[in-house]
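Working notes, structure below.
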Amino acid sequence: MIECETVVKKWGNSLGIVIPSDVAEMEHIKEKEKIRFMIIRDSKALTKTFGIAKGKLNAQEIKDQLRKELYND
């Protein structure tokens, strides 16, 4: 498995992503091949959480705040 970053683009009435050619080659991805992928939004949740936490929150409060930011933002 490899991680890469790309931008979502409008294709007609749909949205699409482009797999960079070097990644496609490295992973041996061919046209019309079915693949699975994960969607991970570019988020600053960790920075926000730990930036505000400096000595003020316990571990459970940090964890709760992180979950809130990751899943409800």
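The values are calculated or read from the model by the stated rules, or taken from the named source; none is laboratory data. Keep in mind it's a predicted model, so treat the numbers as computed, not measured. With ideal geometry, Cβ positions are generated from the backbone for all residues, glycine too; neighbour counts draw on all protein chains shown.
Applying the condition of being modelled with pLDDT of 90 or more and assigned to a helix (DSSP H, G or I) to the range 24-50 and asking which residue is surrounded by the most Cβ atoms within 10 Å (Cβ to Cβ) yields 24. Candidates are the residues of the range 8-23 that are of a type in the set (Gly, Ala, Ser) and within 25 Å of residue 71 (Cα to Cα); the one that is modelled with the lowest pLDDT is 16. Does residue 56 fit the bill of being exposed (fewer than 10 other Cβ atoms within 10 Å of the Cβ), assigned to a loop (DSSP other than H, G, I, E, B) and either modelled with pLDDT under 90 or touching a Phe, Trp or Tyr at 6+ places or on another chain (Cβ under 9 Å) (or both)? Spelling it out, residue 56 is indeed exposed (fewer than 10 other Cβ atoms within 10 Å of the Cβ), assigned to a loop (DSSP other than H, G, I, E, B) and either modelled with pLDDT under 90 or touching a Phe, Trp or Tyr at 6+ places or on another chain (Cβ under 9 Å) (or both). Within the range 1-23, the residues that satisfy the criterion of being small (Gly, Ala, Ser) and within 16 Å of residue 35 (Cα to Cα) are 16, 21.
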